[in-house]
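Written out below as structure tokens is the structure these notes cover.
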Amino acid sequence: MDKCIACGACTKKCPGKKPDEYNEGIISRKAIYVPYPQAVPLKYAIDPEICLYLQKGKCGTCKKVCPTGAINYDDKEEQVTLKVGSVIVTAGFKAFNPAKLDQYQHGTLPNVVTSLEFERYLSAGGPTAGHIKRPSDGKEPRKIAWLQCVGSRDINKCDNEYCSSVCCMYAIKEAVIAREHLGKDCRPAIFFMDLRSHGKEFEKYYNRAKADGVRFIRSRVHSITEIDQSGTLDLRYVTESGDIMNETFDMVVLSIGMEAPDSIMDLAGTLGIELNQYHFVKTDDLSPVATSKPGIYVAGVAQGCKDIPQSVMEASAAACSAGISLARARGSLVREKIFPPEKQITGQEPRIGVFVCNCGVNIGGIADVPAVVEYAKTLPGVTYAEENLFSCSQDTQDKMVEVIREQNLNRVVVAACTPRTHEPLFQETLRNANLNPYLFEMANIRNQCTWVHSDNKEIATRKAKNLVSMSVSRARLLEAVPALSVNVDKSALVVGGGVAGMTAALSLANQGFPATIVEKTEELGGAARDIHKTWQGQDVQKFLKDLISKVENHPDINVMINAEITGASGFVGNFETMIAAGGNTSIVRHGATIIATGGQASETDEYLLGKNPNVTRWHDLEHNPDKLKKAESVVFIQCVGSRDEKRPYCSRICCTASIKQAILAKDLNPGADVYVLYRDIRTFGDREVLYKEARNKGVIFIRYSLENKPVVQEVEGGLEVLVFDPVLQKKLAIQADLVNLATAIVPHDNEKLASLYKLSMNEDKFFMEAHAKLRPVDFATDGLFLCGLAHYPKPIEENIAQAMAAASRAATILSKPSIQVSPLVSQINAEKCIGCGLCVSICPFGAIELEEIEGKGKRAKNISASCKGCGLCASSCPQKAIDMLHFRDEQIVAAVIAAA
Amino acid sequence: MTQRLLDLAGIGKDRLHLEWLSSAEAQRFADIAKKTVDAVRAMGPLDQDLCSMQLEAAQLTVDNEAVRWLVGKELSITSKGDVYGRSWDETKYEEVLDHALEREYHNNLIILAMKDGCSSVREISKRTGIAVLRISYLLADLERTGRAEFKGMTDSTAAFAAR
Amino acid sequence: MAEFEPKIVAFLCNWCAYAGADLAGVSRMQYPSNLRTVRVMCSGRVDPAFVVKALKEGCDGVLVAG
Amino acid sequence: MNKNNPAGSVLVIGGGITGMQSAIDLAESGFYVYLVEETSAIGGKMAQLDKTFPTNDCAM
């Protein structure tokens, strides 16, 4: 397998054909294939089911065609036994197959596609290269309909009563992107029951889509019929006011839900872990990633329907749990790669070696490689030039190390593919040949030359020569850049003593990293003190008590209450924070910082809260449930202060909390009338079960809209709630002796903290993570992590998972004695610098500070660990006093001159 | 700012294209490449000797500390206001920047023209294409800052030279 | 002389435009060969002086893509 | 293999976005990771997506 260089010669000639699973069967693929051009590992695999040679011993053309002889037909499956300390199940999910739902006729009507198929139509690497075409006649669709809850929240045609919690969002995304592709006359419409855009920034995305012309129709489509041979479809549905509508659409997308993968059944059997009734792995709320068997953990959709950010958080949380149980064996099986000593080349005349690659036919077939090599030899400073068939193959790498040593080269230029993928590979080869890895330059003569000018060989060759001369002129000026590593203080600081903060501190301390908790108030616990039961009924107060006792008695955790952070400095691995507690200020040194400042239910003056004792907020009821027992008529009002102009976000936990209390009210007093006034019921994921249970117990759900909110007024003998009921099309007046408001969850005031640590916040004052999906618990600046309500409102089990995730991310830094930092940083020439501070204000990473030098006043100084090498400071410095290592002004200009 | 400068120098802002794209928008990159090449081809070759002086002046302008200051400070001043607490909106700030840019560019052009041997305002105007009134106005400024000096009168025309 | 072939220097940001150009190569999209790419870590790195320098050195156009 | 000297390695079953993130975190924290994937490439379902909400950046 390591001979294959994925040049694709074999797949062109291969006769075998099969529907391509990657493209959802829209197009077919060969027997020898790579799932998609960016696959990792980028190696071709043979599909035994349709390979003529493996089936009938015929053909074998791929072996003949393969330039590197990488085809090995008798590569059989082999059994490997591994001894491991822990197992993490991240088996993912299987997309629901809508064939069972005959009313949508997926499979018979060509223009009814699933959302995954539509993703393939949308993507540039898909079967239609991103142009959306109707499967029936290839024309661009004008009206597209998305049908929500296909295979979710449905117990008559399939047994998935849960909500898959992501379909509403991806339907909106596909509609918005479709409009981008097809232009403004494309009319997307989404048919839904409850629009569940509950995650961070999701509500704003939903509002933008509405403003951008996506129609949202609250109705479940009854059936789809084809009305003409071109494949146009007619949808039959009932609107809320009860009249039956028919509307034609060019294309229908079924927002299919998620199911447990088929392989999970026997996997659970072999591992001995329990599954829940939907075949997802069973976990309990207060240890969200632990399965029923100790040492085996689960993360992602294998545990239940969730979106990518939540899956990534759980992935890190699972890694943290495994880390805790194996803390003693950390680093025992990990091998450190040792490189030969580095040869000093300063002051030597440049002796440049140019290696031009053929890359099989990709370059050699188009550019005249020998001519490029001859041309390279004529360039000043080049002492050696050669041509290789495949520079990136292992044998050529070893040959290059010898050539570098024999020819005593001190600069290397490789003319081949893109440095973005292969630069690290060649840099490692340089290090094996005693050369500093930054004495290396790549000329991209494949992706940006031969592949894109393949119709004119002569021009491609000339451009290749020019690119090589640019690289050589730049290489001439390259200099060794010493590696940069920073030692790490193996302890962490946790800001905030709620459940999130405590879980993070405990997770780190149990891995041997001491943690300090800074709590503003005088006791630990945070918002969790107001919660009695999780949505699955587990006792939170007991969990909280023993969490607090574990934290307070843990030898490696130092708790500071009534403490406030007054100053912070330093960078990843070497932070210093000033904390004022009880009158004196102490300095804590730590390698990582976890922000868990939490949040709280917001105040409001709406609906007579505070003016009438019978108008309560959610946690008031948690503290004295007897208020519910006495009440004969209870009204819950949702989205109080959430999802409006002031706070355009959803607080996520209120629907579940209110419905849980509504069920409790009905249980305590079956005769009582219980109402829930809502805008969208967002009991995402398995919580849908609660919504069904509440309806079965007779809780009445009435929808209201932002335009005409319900009104609560005092009347003699209690309260009266006026609300317009869209189903009955009438205004109702409900006599209520208890009104409970689900007020928005807001973060605590983080302004000061944000300025101290240079953290950014979104406009709702929640902290902004580095990347919503791929780094959901990291901050942009390294060494700072985020978890809990301060990131975004979330139920307690997600808080715990995110806290463990933050601990795991912090552990990736704290577990190393020192960490390598990219050495390509800015370099400041103290003579030229006048200390104007412009660079400090421009630097997005806080990687430059002004330093007092006696006698000269202030001078800029680079914090190399935080510097990302973007170069904004260098290009904006009025004195031109800043230069970037490896991207110096004169190196860039040299390449420009060679280009002209 | 650089495009504005290229316009001033008569080279045309379409010789510099600024684009933003994500790493997945391959087709868009190909279209941008084609669009840029066609736009520049339509403008014909950049005649080096015709505008070498303009380019030199542009180079000096771009290296000028004051201009670089104005560009660097734009973001912080338009968002947080200047040292006197006055708030600036972008268009107003851009006007000041353009004005300073133009003045600095013309100053450099005049100095270069004088180094090229022109001495009278009319000769400079012919060589640089800048209006006579503008040149005399700027020359007074250059004299005051010691970058040019008045060489005396030769048959009723004033002669200047770069310092 | 055949039709005038302009010479254009392209400053491409390594993470966005340069990656887009690579993907254009992987997808074998053809585009004119007049571009000469200089890879930079961020489009913000391009100092206006580089642009003027390129034009002075004989290029007919400059593309800065972030 | 008993409780007090566990093996310093972890088996991650499933090479989608979740499996990859767990593997990265563990490897970065000094544990040897075996990442096991059913199909011939890692990436899972996310690799099939074009763009991802809410930021619309590419899934690949």
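Numbers at a glance
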quantity	calculated
Residues located in region A:642-669, provided they are in contact (Cβ under 8 Å) with a residue 24 or more places away in the chain, farther than 11 Å from residue A:744 by Cα and assigned to a loop (DSSP other than H, G, I, E, B)	A:669
Complete set of residues in region A:849-884 that are of a type in the set (A, V, I, L, M), more than 8 Å from chain C (Cβ to nearest Cβ) and more than 31 Å from the chain's Cα centre (by Cα)	A:850, A:853, A:860, A:881, A:882
Matching option when the condition is in a loop (DSSP other than H, G, I, E, B) and either away from every other protein chain (no Cβ under 14 Å) or surrounded by 18 or more Cβ atoms within 10 Å (Cβ to Cβ) (or both), among A:425, A:435	A:435
Some residue of region A:337-357 being open to solvent by less than 10 Å² (accessible area, probe 1.4 Å), assigned to a helix (DSSP H, G or I) and of a type in the set (A, V, I, L, M, F, W, C)	no
Count of region B:29-73 residues which are at the interface with chain C (Cβ under 7 Å from one of its Cβ atoms) and among the basic types (Lys, Arg)	2
Qualifying position, being at pLDDT below 90 and within 22 Å of residue A:520 (Cα to Cα), among A:764, A:725, A:737	A:764
Failed item in (1) open to solvent by 10 Å² or more (accessible area, probe 1.4 Å); (2) assigned to a loop (DSSP other than H, G, I, E, B); (3) within 7 Å of another protein chain (Cβ to nearest Cβ); (4) in contact (Cβ under 8 Å) with a residue 24 or more places away in the chain, with residue C:4 passing the rest	(4)
Conditions (1) under 17 Å from residue A:450 (Cα atoms); (2) surrounded by fewer than 20 Cβ atoms within 10 Å (Cβ to Cβ): number failed by residue C:58	(1)
Contacts under 6 angstrom Cβ, first residue in region B:112-134 being in contact (Cβ under 8 Å) with a residue 12 or more places away in the chain, partner surrounded by 12 or more Cβ atoms within 10 Å (Cβ to Cβ) and of a type outside the set (A, V, I, L, M, F, W, C), 6 or more apart	B:112/B:56; B:113/B:127; B:113/B:128; B:121/B:136; B:130/B:106
Subset tally (residues that are touching a Ser or Thr at 6+ places or on another chain (Cβ under 8 Å), more than 11 Å from every other protein chain (Cβ to nearest Cβ) and either open to solvent by 40 Å² or more (accessible area, probe 1.4 Å) or of a type in the set (Gly, Ala, Ser) (or both)) for region A:807-841	2
Residue within region A:76-97 that is free of Cβ contacts under 8 Å to residues at least 12 places away in the same chain, within 11 Å of chain D (Cβ to nearest Cβ), more than 30 Å from residue A:248 (Cβ to Cβ) and charged (D, E, K, R) present	yes
Any chance residue B:106 is buried (at least 17 other Cβ atoms within 10 Å of the Cβ), assigned to a helix (DSSP H, G or I) and either modelled with pLDDT of 85 or more or not charged (D, E, K, R) (or both)	yes
Looking only at region A:98-127, and only at residues there that are part of a loop (DSSP other than H, G, I, E, B) and in contact (Cβ under 8 Å) with a residue 40 or more places away in the chain, the one that is nearest to residue A:149 (Cα to Cα)	A:101
Qualifying residue in region A:573-584 (condition: over 17 Å from residue A:517 (Cα atoms), touching a residue at least 60 places away in the same chain (Cβ under 8 Å), surrounded by fewer than 14 Cβ atoms within 10 Å (Cβ to Cβ) and over 33 Å from the mean Cα position of the chain (by Cα))	no
Subset of region A:160-188 (residues that are outside any strand (DSSP E or B), open to solvent by 40 Å² or more (accessible area, probe 1.4 Å), away from every other protein chain (no Cβ under 14 Å) and without any contact (Cβ under 8 Å) to a residue 60 or more places away in the chain)	A:184, A:185
Qualifying position, being touching a helix residue (DSSP H, G or I) at 6+ places or on another chain (Cβ under 8 Å), free of Cβ contacts under 8 Å to residues at least 24 places away in the same chain and either more than 14 Å from chain D (Cβ to nearest Cβ) or closer than 25 Å to residue A:482 by Cα (or both), among A:335, A:420, A:411	A:420
Members of region A:670-707 that are open to solvent by 40 Å² or more (accessible area, probe 1.4 Å), assigned to a helix (DSSP H, G or I) and in contact with a helix residue (DSSP H, G or I) (Cβ under 8 Å, 6 or more places away or on another chain)	A:693
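The values are calculated or read from the model by the stated rules, or taken from the named source; none is laboratory data. The structure presented is a predicted model; accordingly, all values stated were derived computationally and were not measured. Quick reminder, even Gly has a Cβ in these numbers, built from the backbone with ideal geometry, and neighbours come from all protein chains shown. Keep in mind that these areas ignore ligands, DNA and RNA; they rest on the heavy atoms of the full protein, side chains included. Shrake-Rupley method; radii C 1.70, N 1.55, O 1.52, S 1.80 Å.
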